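Reviewing the structure listed below.
Values in this text are rule-based calculations from the coordinates and carry no lab data. Since the structure is predicted, the reported quantities are computational estimates derived from the model, not experimental observations. Neighbour counts run over all protein chains shown; Cβ positions are idealised from the backbone, glycine included.
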Amino acid sequence: MKKLVNYLLQGILYIAPLGITIYIIYTVFNFVDGQVQKLLVQFFDFEIRGLGLVTLVLGLIAIGFLGRTIIAQPLKLVFRKTLDRVPLLRFVYSALNDLFSAFVGKEKKFNQPVLVKVNLNSDLEKLGFITEENLDLLDEKEKVAVYFPHSYNFSGELFIVPKVNIKPLDIPSTDVMKFIISAGLSGWEKA
């Protein structure tokens, strides 16, 4: 029953933005079409059905154009100038931007979950993600970079680990990240 409720809520979350958008467009269309028809009847004494749709589409195109050219471009320019003037801010912004793009960007970096033996004298292992396999810059041929997120925190540590201490996992990255961040309390999704 709990899964059904979760699916119901997820379905609502997926469809709500689309449904609200369709409702707003429908309402605006009816309003615009009604106003345009009143003006046509008042001045020309005839109606053209669908003229509200054309007016609405042209209005949305104009809003999109104005938003992109008059609002978005100047804001981007001001933001970039601010970043250029404040090096510390640029450093923090680029680091956070890289971190967030690693989670959700086009080139997701946390897509190789691994189990790493962190102590050769015991069976102590830690979950992490390979973020870079080519460490020629560090002159390390047999090591990879592994990121270990902290539990209950959005931070972590980067270790350079010998490849022989790494065991690739055949588990979705999102499940591993959720497991680590929740300190193992979230459990694994059961198929």
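Some values worked out for this structure:
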item	result
Restraint check, Lys126/Lys163; Lys2/Lys167; Lys117/Lys178; Lys3/Lys178; Lys2/Lys178, Cα-Cα greater than 26 Å	Lys2/Lys167
Chymotrypsin sites (Phe, Trp or Tyr not before Pro) restricted to segment 26-87 and DSSP loop, no more than 16 other C-beta within 10 Å	Phe46
Summed side-chain charge close to Glu125 - residues other than Glu125 whose Cβ falls under 9 Å, Lys, Arg +1, Asp, Glu -1	+2
Neighbour count of at most 11 Cβ within 10 Å plus DSSP loop: longest trypsin sites (Lys or Arg not before Pro)-free window in the chain	50-105
Among Leu137, Ser173, Val54 - extreme Cα towards positive end, dipole of the chain, charges at beta-carbon	Val54
Using a Förster distance of 41 Å, the FRET efficiency for Lys38-Lys76 (Cβ separation, nearest 0.05)	0.50
Residues Asn30 and Leu115, FRET efficiency given R0 of 45 Å [Cβ-Cβ distance, rounded to 0.05]	0.15
Average Cα contact separation per residue, the chain, under 8 Å, 6 or more apart, as relative contact order %	11
At least 27 Å along the helix axis (C-alpha) and Kyte average at least -0.5, DSSP helices within the chain	2-44
Three-way shape call for segment 1-88 based on the alpha-carbon gyration tensor, with the a/c threshold at 1.5	oblate
Exposure proxy order (Cβ contacts within 10 Å, fewest to most) of Tyr23, Tyr147	Tyr23, Tyr147
Over the chain: helical MRE at 222 nm, DSSP H runs n ≥ 4 each giving -39500 (n - 2.57), nearest 500	-18000 deg cm²/dmol
Net lengthening on full extension, Val5/Phe46 (0.36 nm per residue, minus Cα-Cα)	9.5 nm
Positive-end residue of Gly67, Pro162, Val118, charge dipole of the chain with Cβ unit charges	Gly67
